Amino acid sequence: MFDIGVNLTSSQFSRDRDGVVSRAFSTGLNGMLITGTNLEESIAAQQMAQHYARCWSTAGVHPHDSSHWTPDVADAIRRLAQQPEVVAVGECGLDFNRNFSTPQEQETAFSAQLALAAELNMPVFLHCRDAHERFITLLKPWLDKLPGAVLHCFTGTREELDECLAHGLYIGITGWVCDERRGLELRELLPFIPANRLLIETDAPWLLPRDLSPKPSSRRNEPAHLSHILERIAHWRGEETQALSDTTDRNVKALFGIAF
């Protein structure tokens, strides 16, 4: 059971980060990927991956931070991505929902990171929100130059899912699917994701599963809750939990090239 998306650098974990990691592994987690979302966070993620056993990290610039993409940042991300703990470029992509950076800035940073991943022969850790058509347009020319890609925290439509799968993307599913209001459409899509393209994640500290019982006193999500997300996904797919865990672990090893 491997969590491919943990924002362990978040200030929400600053007081008890060691405990968060310890609790995660005590629940059966056998690894986690710490997400880098800008240069500072990517550096911190790599340092944490170096510090904690069975942890790896990504290095990249999230679409929200694309306005800060510069040649100096690109060079720093390139150097960081070559560290042994860093196994993917990203989180990168497009987010036209909030546009904290302009669409043009987002497209520039996204395309540059795809080129960097191709140069380094590394997979990409992708983000897309309200930007599917343009996202696919920019991504498609690079896919045959990349060893792999995962669209993390997928919440799109059936048509968007089918197109992502047709282009060979892995699909990351979070506790969003446990939301009895917002997650129902995603829940219906679970059987259409081939087992060899499915990855699981918490996106902690965000997206606490709403159906946890008992509910945590805090609204903070933790990687320790991945076991609950895995169990619910397996239930809705009509699969055995352990079998699905084994399959998603194999997918992690295939995509990121790591052993755990």
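The values are calculated or read from the model by the stated rules, or taken from the named source; none is laboratory data. Quick caveat, the model's predicted, so the values are computed rather than measured. Because the Cβ atoms are built from the backbone with ideal geometry, glycine has one as well, and the counts that use them run over all protein chains shown. With ligands, DNA and RNA removed, areas are computed over all heavy atoms of the protein, side chains included. Shrake-Rupley method; radii C 1.70, N 1.55, O 1.52, S 1.80 Å.
Inspection of segment 92-108 finds a residue satisfying the criterion of being within 25 Å of Phe260 (Cβ to Cβ), open to solvent by less than 20 Å² (accessible area, probe 1.4 Å) and hydrophobic (A, V, I, L, M, F, W, C). Within segment 11-39, the set of residues being closer than 18 Å to Ile229 by Cβ and outside any helix (DSSP H, G or I) comprises Thr27, Gly28, Leu29, Asn30, Gly31, Met32, Leu33, Ile34, Thr35.
What number of residues in segment 2-60 are small (Gly, Ala, Ser), open to solvent by less than 10 Å² (accessible area, probe 1.4 Å) and under 19 Å from His127 (Cα atoms)?
Keep residues of segment 2-60 that are small (Gly, Ala, Ser), which gives 5, 10-11, 14, 19, 22, 24, 26, 28, 31, 36, 42, 44-45, 49, 53, 57, 59-60.
From the residues that got through so far, the ones that are open to solvent by less than 10 Å² (accessible area, probe 1.4 Å) too are 5, 24, 31, 36, 42, 45, 49, 57, 59-60.
Cutting the leftovers down to under 19 Å from His127 (Cα atoms) gives us 5, 36, 42, 45, 57, 59-60.
So the count comes out to 7.
Looking at segment 207-226, which of its residues are in contact (Cβ under 8 Å) with a residue 12 or more places away in the chain and either open to solvent by 20 Å² or more (accessible area, probe 1.4 Å) or part of a loop (DSSP other than H, G, I, E, B) (or both)?
Here is the first cut: in segment 207-226, the ones in contact (Cβ under 8 Å) with a residue 12 or more places away in the chain are 207-212, 220-226.
Hits for segment 207-226 are Leu207, Leu208, Pro209, Arg210, Asp211, Leu212, Arg220, Asn221, Glu222, His225.
Summed over segment 174-195, residues that are out of contact with any helix residue (DSSP H, G or I) (no Cβ under 6 Å at 6 or more places or on another chain), under 22 Å from Asp249 (Cα atoms) and aliphatic (A, V, I, L, M) total 1. The single condition among (1) closer than 28 Å to Lys253 by Cβ; (2) outside any helix (DSSP H, G or I); (3) more than 17 Å from the chain's Cα centre (by Cα) that Thr58 does not meet is (3).
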